[in-house]
Amino acid sequence: MNSHEHREALETFYKKQSWIFRLFAQLKLSDSASERFRLLHRIYFYYILICWVLSFDLSCLIQFISNITDLNEVIKVFYIFATAMGVFAKFMTIKLKNNLYAELIEIMHDPKYRPVNTREVLLFRQSQSLARTVRNFYTTISLCALNALLFTQYIIDTSQLPMSIYNPFNTDTKLRYVLVYIYQYCAVSVCCYTNIAFDSISASFMIHAKGQLDILCDRLEHLGTDYESSDANIAVQLKNCVKYYSDIIRIVKIAEELISLPISVQIACSVLVLVANFYAMSFLSDFANFIKFLIYQLCMLSQIYILLYFPSEVTAKSEEVPYYLYCSKWANWNPSNRKLTLLMMTRFDIPIRVKSINPTYTFNLAAFTSIVNCSYSYYALLKRINN
């Protein structure tokens, strides 16, 4: 295969594999969109926001305030209310920062991020496959939790609604019960699908950044072996790697700006959800309800895990970059290139960290462990006080 055919093959491969980036590509309307289409798009957004997101949050809030003295009722409200608050933060972030999403998508499509040889194609393919696997797994467990919480209630017991939220209507008749049930199912479904979309794309951004770091490490390790090994050529490759590293940092920083606030809110809400679930599960006597809450608990743990694990992977991989540079054939280079290598290792020595709204707090696996431990501690304290 000649170089022209190789480039065409890579171009075709990249277009087929870039579903991640096309997922949010329509967040920003095209400049050629008509005013009527823009108006309909705006009406559709506010319809979803007011009729489903805000109305559901308000119903949970009213139910919470009206039953503030009843701990069991508060727990019933909080395990879904906290999730709804996190969804609201994500929903507004997607709307308010759609220009930033469009900018990030455009940057990721830049040719400089594309693989240039067989090894890099394999690394690129692995990152895309991982992103799909995470998306499919998270979608499956989220939909299982959604139907376990809502659909099974209609089958097991139609005397109670699946969600404990404020209901202005009397559900003493079958028709009213079904109408309120449909509203709850649709509102929670909006929350579920928003979580799936936002969390999957956030994880995919981090997976893509980690994949680009894998490609950078491969280039550093094979410096001077893939091309002509002249001193001038090696100097060019070293400088290109420095620029490539800066470009990866740019991607991570834009992604951090997009996810730092909603994920920080999600973490705070997840602690409340986990505490409420632990508390509710400890008092369940029937096996069906226990399984229902267990699936929801596993879904929430999976959500927190994927949001914290992949930023941790980016940090871990960035810490390995100096090692791969050291593995190159630097000992055979001229003094100028060896000096440049030393400066690069000093630059690479600072790992990439994805920070929350609190700059001293980063998204990593230690944060996941802390959340789980904190949730169980609050649950134990709450149960002890209640007893």
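The values are calculated or read from the model by the stated rules, or taken from the named source; none is laboratory data. Note that the structure is a prediction, hence the values are computed from the model and not measured. Neighbour counts are summed over all protein chains in view; Cβ atoms, including those assigned to glycine, are modelled from backbone coordinates with ideal geometry. For the accessible areas, the whole protein counts, side chains as well, though only heavy atoms, and no ligand, DNA or RNA atoms are used. Shrake-Rupley method; radii C 1.70, N 1.55, O 1.52, S 1.80 Å.
When ranked by the protection proxy of mean other Cβ atoms within 10 Å per residue, highest first, what sequence do the peptides 216-224, 363-371 form?
Numbers: 216-224: 20.4, 363-371: 17.2.
Ranking the peptides 216-224, 363-371 by packing returns 216-224, 363-371.
Ranking request for peptides 85-94, 287-296: highest mean number of other beta-carbon atoms within 10 Å first, then the rest in descending order. Walk me through the intermediate numbers first.
Values: 85-94: 20.6, 287-296: 16.6.
Ranked by mean Cβ neighbours within 10 Å, highest first: 85-94, 287-296.
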Exercise. Most fluctuating residue of Val236, Val273, Val77 in a GNM of the chain with Cα springs under 10 Å: which is it?
Worked result: Val236
Exercise. How much length is gained on full extension from Asn136 to Tyr193, taking 0.36 nm per residue of separation minus their Cα-Cα distance?
Worked result: 19.2 nm
For this session: Quickly rank 45-51, 196-202 as a protection proxy: mean count of other C-beta atoms within 10 Å, highest first.
Result: 196-202, 45-51
Problem set entry | Cross-link pairs Lys90/Lys355; Lys76/Lys355; Lys95/Lys210; Lys97/Lys243 - those with Cα-Cα distance over 21 Å | Lys76/Lys355; Lys95/Lys210; Lys97/Lys243
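Counting only heavy atoms of the protein chains, get the accessible area per residue of the range 246-387 (1.4 Å probe) and round it to a whole Å² value.
Per residue, the range 246-387 has 49 Å² of solvent-accessible surface.
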Exercise. How far apart, in nm, are the 7 Å Cα→Cβ label points at Ile291 and Thr118?
Worked result: 5.0
Problem set entry | For the range 114-119, 3J(HN,Hα) per residue [Karplus equation, 6.51 cos²θ - 1.76 cosθ + 1.60, θ = phi - 60°, Hz, x = Gly/Pro] | 8, x, 10, 8, 5, 4
Exercise. Simple spin-label model, 7 Å along Cα-to-Cβ: Lys329 to Thr360 in nm?
Worked result: 4.9
Seminar exercise, completed: Length gained, Glu103-Ala268, 0.36 nm per residue minus C-alpha separation, equals 56.6 nm
Seminar exercise, completed: In nm, the gap between the two label points placed 7 Å beyond Cα toward Cβ at Asp231 and Asn67 is 7.8
Seminar exercise, completed: What the 20 Å binned alpha carbon P(r) of the chain shows, as percent of pairs per bin from 0, is 24, 48, 23, 5, 0
Problem set entry | Most fluctuating residue given options Ser189, Ser260, Ser32, as computed from a GNM of the chain linking Cα atoms under 10 Å | Ser32
